[in-house]
1. Once ligands and nucleic acids are excluded and a 1.4 Å probe is used, how much of Asp105 is accessible, expressed in Å² to the nearest 10?
2. Can you tally the net charge around Ala49? Count Lys and Arg as +1, Asp and Glu as -1, for every other residue whose Cβ sits under 15 Å from the Cβ of Ala49.
3. For the ranges 114-121, 93-100, 18-25, 57-64, what's the packing order if you count other beta-carbon atoms within 10 Å of each residue, average per peptide, and put the highest first?
4. Could you look at the chain and say what percent of its accessible area is carbon and sulfur, using a 1.4 Å probe and all protein chains?
5. What is the distance, in nm, between label points placed 7 Å from the Cα along the Cα-to-Cβ direction at Leu100 and at Asp36?
6. If you average the alpha carbon positions of segment 79-134 and of segment 38-56, how far apart do those two centres end up, in angstrom?
7. Treating only the Cβ of Lys, Arg, Asp and Glu as charged (+1, +1, -1, -1), what charge dipole size does the chain show about its Cα centre? Round to the nearest 20 debye.
8. State, to one decimal in nm, how far the label point of Val72 lies from the label point of Ala87, with both points 7 Å from Cα in the Cβ direction.
Amino acid sequence: MSTSSAGSGGADRAAQLLVDVSGLQSAVERFVRARDWDQFHSPKNLVMALTGEAGELSEIFQWLTEEASHAVARDPATARAVRDELADVLIYLVRLAAVLDVDLDEAVATKLRANAQRYPVEQVRGSARKQRER
């Protein structure tokens, strides 16, 4: 389960680290093992749980104006729920990556490079249109 820095790049890789979830991954692993929940953490189940938590986060924002959506994490009525749902999404995402043995740092770095090529600044700056719409 590799989702952090060490590995084939050594010091250069650590200097360019974008995502280090090793501490969170270890904490979640301890939490899961203490409860004997490994048996329930198939990739399918984790994706379903992740989707459910993303839906709960989305529900907080549903029907808000653009302006209100920017303040939702500061609004006492919604701030705790936003934080809790963001944490749930992150926990399930990190757990899924661990179960699938996906290095999140490598995956993010690769995706950012691909997006930089797909969406060159000079062609997309200030535009929300997808590549196929250009």
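The values are calculated or read from the model by the stated rules, or taken from the named source; none is laboratory data. As the structure is a prediction and not an experimental result, all values here were calculated from the model. Backbone-built Cβ (ideal geometry, glycine too); neighbour counts: all protein chains shown. Each accessible area value is taken on the protein alone, full model and side chains, heavy atoms only, with ligands, DNA and RNA left out. Shrake-Rupley method; radii C 1.70, N 1.55, O 1.52, S 1.80 Å.
1. Taking all protein chains as shown, Asp105 has close to 0 Å².
2. -3
3. Descending packing order for the listed peptides: 93-100, 18-25, 57-64, 114-121.
4. 56
5. 2.9
6. About 18 Å separates the Cα centre of segment 79-134 from the one of segment 38-56.
7. With Lys and Arg at +1 and Asp and Glu at -1, about 440 debye.
8. 1.8
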